[in-house]
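Right, one structure below, let's go through it.
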Amino acid sequence: MRLFGWGRKKQDAQSAEPSPAKASASELESRVQDGAGQDAGKDAGKDAGQTEASPAEQTEARKDERPQSSGDQQEATAAPAKKTGDKPRASWAQRLRQGLAKSSSRLGAGLTGLFSGGRIDDDALEELEDQLIMGDLGVEPAAKIVAELRRQRFGQEASDQEFRQALASIIADMLEPVAYALDIKNQHRPHILLVTGVNGAGKTTTIGKLASQFQAQGAKVMLAAADTYRAAAVGQLQIWAERASVPIVTGAERADPAAVAYQAVERARAEGVDVLIVDTAGRLHNKADLMAELQKIVRVIKKLDDSAPHDTLLVLDATTGQNAINQVKTFKELIDVSGLIVTKLDGTARGGVVVGLADRFGLPIHAIGVGEAMEDLSPFDPQAFAKALVDLEE
Amino acid sequence: MFEGLGNRLTGIFDGLRGRGALSEEDVKKAMREIRVALLEADVALPVAKAFIDRVREKAVGQEVIRSISPGQMVVKIVSDELVRMLGSEASELKLMGEPPLVYLMVGLQGAGKTTTTGKLGKRLKERDRKKVLMASLDTRRPAAQEQLAVLGQQTGVDTLPIVPDETPVAITKRAQTVARMQGYDVLILDTAGRLSIDLELMQEVRSVRAVCKPVETLLVVDAMTGQDAVQTGKAFHEALDLTGIVLTRIDGDARGGAALSMREVTGCPIKLIGEGEGMDALDVFHPERIANRILGMGDVVSLVEKAAEHFEEEEAEKIAKRLQKGKFDLNDLASQLKQMQNMGGMGALMKMLPGGAKMQAAMKGANIDDNHIKRQLAIISSMTPAERSKPELMKASRKQRVANGSGTSVQDVNKLLKQFNDAAKMMKRMKKMGKKGGGGGFPGMGGGMPPGFGGPGGGMPPMGGGGFPGLGGR
């Protein structure tokens, strides 16, 4: 199972250019099946709440009390974070759709009945625009999508299904150019990943997931705990490091994060590490001093390796609304973010802001987080994402 | 937060105000613009729609179009509606009842629950003089319990000792027992972040709620939240019967639509706002003041309160007395600079002034920041006591020495001295004004803030007579 393009082995070596993650949901499903065993093969669908549960989870005390409702398929993704994540799970496509189901069920429900007349007319399009806005797509991208649908289909008769397909394909087209797997190239050793974001976006959790996935692919991984500000942030990363059994470099509390990063790079070099992932403190993008601190981390890393950081990731919370645009803009300007990871897509948030971001910045979206367990970080698949967003069965 | 929305609305209002008469089409257009402004500020669509409908209804009812200054009228209606939506009065936390009072903090992952719990503990302990115990029920996120323990150490608020592998309900019971036995007034329970659709976890927090019977169940929400605010607010409210909302990260540049949505959807008041990383950065939410900030009218009331809170009265009286004797020396200037620092620095103050956003921009342009205050303090503290009380002693060699000692240049020292002279002059002027009964400058500040914090660019452009405009008493 190779979710990310880490390719030390010859046959997997990627070209220097990052390659779009074209894997269809079904391919991915089968991959996960190979890697993760019994449950993965079961069909994505209504009974996910049951199929998804591992034996260990079924012993959970409150399992029986769960109301049998449509909520079942949704909660499944979020429930089992207590586990360390090494248990077999549902396929990620299934999980993504479950995750997005909350998003799309509303958007989907909003769409249902739009075309009771069967014709794509002004009223229907206006209503559609509202629905898209409610999906956090933002006013401009929503207008753009509606305009495109109008151009393609105005006045035509369309079934609900056809209409959704048309919509999904427009959204997927917008997302296609930004779907790049995180490509860890061979030429840098260590390949340095700097992970940034505002407070509470999910940086540390994402790093834990990245570390275990790289590790599982045979890469030698090291973590650097450069969040020296938030209480117990280092401890949190340490626990993830233990879970993934990778070494971690820490500094004293309130130590200069740049110094921690520097030490980590030195040590990673000395120990022949393949991937060094640097955690940073959460910071609001409008705080000049904190952003300057981040720039300093980058500068200091560059002292040891001029080409580093080889990937500067911005972690975005999917519940974030239009402010995500300001976040991306500022982080991109100041530390040259190279790609995005969108987290918490398993909530009620629809992640529609991703469409707006793709449209506006064209920054690669490397992966999405759909749960709290180790494997709940998946490459970004525009087709599956768009379909899930408009609640289209595959 | 909110400035973005404010700027947009101001633009729309300016367009309206400028007109002598408004056609129905004009109003329609303005409403469309307001709608987009609200949506781009992340106000949830149903909430934005309802808002526009109410404004339109009132506008039509009051026959705005035929009134003398129709634009002004629409502006007023929008402002009123905004205030109404945010809630008209600040609502305080419940502090009465049989101790220990339990506060339950809930919310999504990464909303800021633990940090808020730490801040709230500190606030209740220091401001309300309560004996506070904090306990983390977050058995899921790695090191979450340790995080709260560390925050407790930092703020001097007690936390429940951590026992590994306890369930949240068991921790709750133990916390209550400890709180009762040891006579705590308030017990704050921090919970794990959870999705509103995670039935298992929602059930868990419901069980906790049933056990601890909280007087406050506070939903902690990130101010940057998008349209999802509606679902989250609704789901948590239905499951847990919230009593209030805490809005975090309002120091970001989000336009804060989540605040409006949450308030409208849950009907719960926003009780507290988190406005920074410092453990003091938690404040009561004053709807009308925030509405004023959104509408660009400044928040002078908060400013005055903040001043009163941080300005030690004795200090103020001392300065006031010295001023009356016509004495104002560098010690006084230093003390005022320190007060400013305590109040959160220039930026924080500027935000609360009418038109403050513009001033802030000007400050940025002139490269004035809080380090500037720090440097000025360094210069003053490099002087001898004699020099501080008699600044006229400062001649070339002394200036050189002070510059060396403070790590600045002679020019910097000169600038400070010039500012001091300006300030002294202004103090005299204010004293005269005070005698005429015209009001004595900055309330509670012993007569005026030090004027002209001239940065490298020299002086602050749009600052009136070097002081803070609009603050001269009444």
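The values are calculated or read from the model by the stated rules, or taken from the named source; none is laboratory data. Everything numeric here is computed off the predicted structure, so don't read it as measured data. Don't worry about glycine lacking a Cβ; one is built from the backbone with ideal geometry, like all the others, and counts go over all protein chains shown. These accessible areas exclude ligands, DNA and RNA; they are computed on the full protein's heavy atoms, side chains included. Shrake-Rupley method; radii C 1.70, N 1.55, O 1.52, S 1.80 Å.
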Notebook entry, point to check: How much of the accessible area of the range B:25-163, in percent, comes from carbon and sulfur atoms when a 1.4 Å probe is used?
Noted result: 52 percent
Next item on the list: Determine the share of the range A:203-249's accessible area contributed by carbon and sulfur atoms, expressed in whole percent, with a 1.4 angstrom probe.
Entry: 52 percent
Check: Which of the residues in the range A:172-203 lose at least 40 Å² of accessible area when you go from the chain alone to all protein chains together (probe 1.4 Å)?
Finding: A:Asn199
Next item on the list: With a ≥ b ≥ c taken as the square roots of the eigenvalues of the C-alpha gyration tensor of the range B:23-62, please select rounded if a/c is under 1.5 and otherwise prolate if a/b is larger than b/c or oblate if it is not?
Entry: oblate
Item checked: Reduction of at least 10 Å² in accessible surface, 1.4 Å probe, comparing all protein chains with the chain by itself, residues of the range A:225-250 -> A:Tyr229, A:Arg230, A:Ala231, A:Ala232, A:Gln236, A:Ile239, A:Trp240, A:Arg243
Note to self: Between A:Asp122 and B:Ser88, how high is the FRET efficiency from 1/(1 + (r/R0)^6) when r is the Cβ-Cβ distance and R₀ = 41 Å? Nearest 0.05.
What the structure shows: 0.55
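Nearest 100 Å² is fine: what is the total accessible surface buried where chains A and B meet, probe 1.4 Å? Show your work: numbers first, answer last.
Details: alone 16410 and 22140 Å², together 34380 Å².
Roughly 4200 Å².
Can you compute the equivalent ellipsoid semi-axes for the range A:250-304, i.e. the square root of 5 times each eigenvalue of the Cα gyration tensor, sorted largest first and rounded to whole Å?
On the way: eigenvalues 96, 26, 19 Å².
The three semi-axes for the range A:250-304 are 22, 11, 10 Å.
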Notebook entry, point to check: How much area per residue is accessible in the range A:130-204 when the probe is 1.4 Å and only protein heavy atoms are counted (Å²)?
Noted result: 35 Å²
Checklist line | Reduction of at least 20 Å² in accessible surface, 1.4 Å probe, comparing all protein chains with the chain by itself, residues of the range A:299-319 | finding: A:Thr319
Next item on the list: Loop only per DSSP, at most 16 neighbouring Cβ atoms within 10 Å: give me the GluC sites (Glu not before Pro) in the range B:90-181, ordered by residue number.
Entry: B:Glu92, B:Glu166
Note to self: Could you work out what % of the accessible surface of the range A:269-349 is carbon and sulfur, using a 1.4 angstrom probe and leaving DNA, RNA and ligands out of the count?
What the structure shows: 47 percent
